[in-house]
Amino acid sequence: MQTLYITHPACHLHEMGNWHPECPGRLDAINDRLVASGLMDFIDEQTAEPATDADLLRVHEPGYIAYLRMHAPTEGYFQVDPDTLMNPHTLEAAWVAAGAGINAVDAVMRQTHRNAFCSVRPPGHHAGPAKAMGFCFLNNIAIAAAYALEKYKLDRVAIIDFDVHHGNGTEETFAGDPRVLMCSFFQHPLFPDHYQDPPAENMVNIPVHAYAKGDELRFLVSDVWMPRLQAFQPQLVLISAGFDGHREDDMGQLGMVESDYAWITEQIVALADETAQGRIISFLEGGYCLSALGRSTEVHIRALAKL
């Protein structure tokens, strides 16, 4: 079975101004790298379908969805917070970005594809049940997890987040839910500047210092994440794949390189092969240095596809 690559043209239409680092060119950088490397010939591309309101409401409050619709502009921008803005295409992009995760869950659970990468934007892991923040409107990975738990009656879903910024919205959604185990590392202090401390029992979220390099982060994966994940025995593994921890990315100060992303992905693939019939869905989160983003995503997808 091939790796599924899910995207949608609407994800290019959402933009927040020429000054903004979360730009449509991020998707072009990924696609161009996959084509140039020849990797696109070995994966199966699919256009995302939009999520339904029922899908969103497993995670987000009805009043929040109504708020987004009420303030969606017909021209120009509506500023949700200082760095998160809607343009006339944002809601379509957000709905298909969330829908990509739903489509991917169906694909891996029905065994038409072994795993999937959702090349979508806006990203999602900062969005809480009733709040947009940090470039995020809908929490794509949380929506997919909630759908999988309900639709396929799963008991154990793992969420792994290696973005340089903490996935606070995902933590807020699932803290205390024994069906979900979240494992992450993130630079601290750095936006969003807070995490639950002490954490809920099902949260393994590890703050790391600026300039931490790959060997330190690999230790956290092998010696902290993996024992918890192996004990949890996830039936499905979801990844918030943020590539802004790359040493070339100015949004953070971690020292990761492509080989680190490849190694982490290989560990996740081995875990999923052991406990989840290989079922992994990865979601694009951060990554703002376009060259580093393209290279890092390539090795991530190559590891997913075992190529």
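The values are calculated or read from the model by the stated rules, or taken from the named source; none is laboratory data. Everything numeric in this text was worked out from a predicted model, so none of it was measured. Cβ atoms come from the backbone with ideal geometry, glycine included; neighbour counts cover every protein chain shown.
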(message) Tally up the residues in region 48-57 that are surrounded by 16 or more Cβ atoms within 10 Å (Cβ to Cβ) and either in a loop (DSSP other than H, G, I, E, B) or of a type in the set (Ser, Thr, Tyr) (or both), please.
(response) 3
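Yes or no: Gly128 in contact with a helix residue (DSSP H, G or I) (Cβ under 8 Å, 6 or more places away or on another chain), surrounded by 24 or more Cβ atoms within 10 Å (Cβ to Cβ) and of a type outside the set (D, E, K, R)?
On the way: in contact with a helix residue (DSSP H, G or I) (Cβ under 8 Å, 6 or more places away or on another chain): yes; surrounded by 24 or more Cβ atoms within 10 Å (Cβ to Cβ): no; of a type outside the set (D, E, K, R): yes.
When the stated conditions are applied, Gly128 does not pass them.
Under 25 Å from Ile281 (Cβ atoms), among the β-branched types (Val, Ile, Thr), in contact with a Lys or Arg (Cβ under 9 Å, 6 or more places away or on another chain) and at pLDDT 95 or above: does that describe Val105? Full working, then the answer.
Working: under 25 Å from Ile281 (Cβ atoms): yes; among the β-branched types (Val, Ile, Thr): yes; in contact with a Lys or Arg (Cβ under 9 Å, 6 or more places away or on another chain): yes; at pLDDT 95 or above: yes.
Yes; evaluated as a whole, the condition is true for this residue.
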(request) Kindly check whether there is at least one residue in region 189-205 that is of a type in the set (Ser, Thr, Tyr) and loosely packed, with under 15 Cβ neighbours inside 10 Å. (result) no
(request) Quickly run through region 70-87 and pick out the residues that are touching a residue at least 60 places away in the same chain (Cβ under 8 Å) and either within 18 Å of the chain's Cα centre (by Cα) or in a loop (DSSP other than H, G, I, E, B) (or both). (result) Tyr77, Asp83, Thr84, Asn87
(request) Keeping to region 38-52, report how many residues are small (Gly, Ala, Ser) and either modelled with pLDDT under 95 or under 15 Å from Tyr5 (Cα atoms) (or both). (result) 2
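Mind checking whether some residue in region 62-81 is at pLDDT below 95 and farther than 21 Å from Ser119 by Cβ? Give the derivation first.
Start the filter on region 62-81 by keeping residues that are at pLDDT below 95, which leaves 81.
Checking the rest, the ones that are also farther than 21 Å from Ser119 by Cβ come to 81.
Yes, region 62-81 contains at least one residue that is at pLDDT below 95 and farther than 21 Å from Ser119 by Cβ.
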(request) Under 6 Å between Cβ atoms, at least 6 apart or on separate chains: pull out the pairs that start in region 98-125 with a residue that is within 14 Å of Ala145 (Cα to Cα) and end on any residue that is acidic (Asp, Glu) and modelled with pLDDT of 95 or more. (result) Gly99/Glu49; Ile102/Asp55; Asn103/Glu49; His125/Glu285
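Name the residues in region 59-69 that are in contact (Cβ under 8 Å) with a residue 40 or more places away in the chain, surrounded by 15 or more Cβ atoms within 10 Å (Cβ to Cβ) and either assigned to a helix (DSSP H, G or I) or in contact with an Asp or Glu (Cβ under 7 Å, 6 or more places away or on another chain) (or both), would you?
Applying the first criterion (in contact (Cβ under 8 Å) with a residue 40 or more places away in the chain) to region 59-69 yields 59-61, 63-64, 68.
In the following step, the residues that additionally are surrounded by 15 or more Cβ atoms within 10 Å (Cβ to Cβ) were identified as 59-60, 64, 68.
Selection gives Tyr64, Leu68.
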(request) Could you please give the count of residues in region 1-35 that are surrounded by fewer than 16 Cβ atoms within 10 Å (Cβ to Cβ), of a type in the set (A, V, I, L, M) and part of a loop (DSSP other than H, G, I, E, B)? (result) 1
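Let's see how each residue does on (1) in contact with a strand residue (DSSP E or B) (Cβ under 6 Å, 6 or more places away or on another chain); (2) under 18 Å from Glu285 (Cβ atoms):
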position: Gln79; (1), (2): yes, no
position: Ala94; (1), (2): no, yes
position: His113; (1), (2): yes, no
position: Ile159; (1), (2): yes, yes
(request) Select, from Ile301, Ile264, Ile268, Ile280, the only residue that is crowded, with 24+ Cβ neighbours inside 10 Å and farther than 23 Å from Leu181 by Cβ. (result) Ile301
(request) Could you please give the count of residues in region 262-307 that are within 20 Å of Arg121 (Cβ to Cβ), among the polar types (S, T, N, Q) and in a loop (DSSP other than H, G, I, E, B)? (result) 0
(request) Within region 107-137, count every residue that is part of a strand (DSSP E or B) and closer than 21 Å to Met70 by Cβ. (result) 4
(request) Tell me, yes or no, whether region 36-47 has at least one residue that is surrounded by 13 or more Cβ atoms within 10 Å (Cβ to Cβ), hydroxyl-bearing (Ser, Thr, Tyr), closer than 15 Å to Ala132 by Cα and in contact with a helix residue (DSSP H, G or I) (Cβ under 9 Å, 6 or more places away or on another chain). (result) no
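Looking at region 278-307 only, could you name the residues that are in contact (Cβ under 8 Å) with a residue 60 or more places away in the chain and out of contact with any strand residue (DSSP E or B) (no Cβ under 8 Å at 6 or more places or on another chain)?
Going residue by residue through region 278-307, those that are in contact (Cβ under 8 Å) with a residue 60 or more places away in the chain are 278-288, 290-291, 293-295, 297-298, 300-302, 304-305, 307.
Gly286, Tyr288, Leu290, Ser291, Gly294, Arg295, Glu298, Arg302, Leu307 - these are the residues of region 278-307 that are in contact (Cβ under 8 Å) with a residue 60 or more places away in the chain and out of contact with any strand residue (DSSP E or B) (no Cβ under 8 Å at 6 or more places or on another chain).
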